[in-house]
Amino acid sequence: MSNARTKVSRPARPAVPQRPSFESLDLTHRKVMQALAQLSTLAIQLEANGVNDTARRMAGEICRFFDGSAQAHHLAEESFVFPRLLNGRDALLIQHVHRLQQDHGWLEEDWLELSPQLKAISEGYSWYDLDTLRSAIPVFTELYREHIALEEAIVYPASRREPG
């Protein structure tokens with residue numbers, strides 16, 4: 001009689017997500033700034049020419065970026081950057097992180113206002129509201145610029161110093 005145990009096979013599990021590098025987070029910030037510039041250009045394009053192939057292409061690119069890379073970027077920050085800082089002792093830094101978390105919600109709300117307009121344009125529809133775009137784009141752009149500035153000037157450097 002053998003005392004050896006039969007090894008029980010374990011079910012496969014999904015891979016553990018990799019922590020994003022700050023270089024990749026910074027790269028996404030640069031892409032956000034490019035997409036915001038493209039968004040402003042799109043509004044000018046629509047005012048001058050209405051929905052044409054250029055506007056459709058631009059609107060589609062903007063939608064894909066903010067629906068994909070930008071949302072994934074926010075999730076990476078919420079999962080890998082912010083938790084360590086929120087567990088720290090620096091009250092001002094914790095306040096900054098809470099502000100950034102609030103920004104993520106507001107940016108999502110702003111995007112939910114812009115997205116249907118841009119998707120309509122990308123599909124060639126003319127029912128978009130140029131006045132809505134004119135008022136929403138600057139709000140979205142300014143919040144993103146402030147958000148990125150706070151992350152790059154204070155939060156990312158602090159996170160790089162934190163162990164873990």
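A few notes on this one:
- On inspection, ASP67 fails the criterion of being of a type in the set (Asp, Glu), surrounded by fewer than 13 Cβ atoms within 10 Å (Cβ to Cβ) and farther than 20 Å from GLU151 by Cβ.
- The residue that is farthest from SER115 (Cα to Cα), counting only those in segment 42-56 that are in contact (Cβ under 8 Å) with a residue 40 or more places away in the chain and out of contact with any Ser or Thr (no Cβ under 7 Å at 6 or more places or on another chain), is GLU47.
- Identity of the residue in segment 115-164, touching a Lys or Arg at 6+ places or on another chain (Cβ under 6 Å) and modelled with pLDDT under 95, that ends up surrounded by the fewest Cβ atoms within 10 Å (Cβ to Cβ): GLY164
- In segment 58-95, the residues that are of a type outside the set (D, E, K, R) and not in a helix (DSSP H, G or I): GLY68, ASN87, GLY88
- Residue match in segment 39-54 (condition: closer than 13 Å to HIS147 by Cβ and not aromatic (Phe, Trp, Tyr)): no
- Residue ID - surrounded by the fewest Cβ atoms within 10 Å (Cβ to Cβ), chosen from residues in segment 71-114 that are in contact with a Phe, Trp or Tyr (Cβ under 8 Å, 6 or more places away or on another chain) and among the hydrophobic types (A, V, I, L, M, F, W, C): TRP111
- Selection status of LEU107, aliphatic (A, V, I, L, M), over 30 Å from LEU46 (Cβ atoms) and out of contact with any strand residue (DSSP E or B) (no Cβ under 9 Å at 6 or more places or on another chain): no
The values are calculated or read from the model by the stated rules, or taken from the named source; none is laboratory data. Being a predicted model, the structure only gives us computed values, none of them experimental. For neighbour counting, all protein chains shown are included, and Cβ atoms are generated from backbone atoms with ideal geometry for every residue, glycine included.
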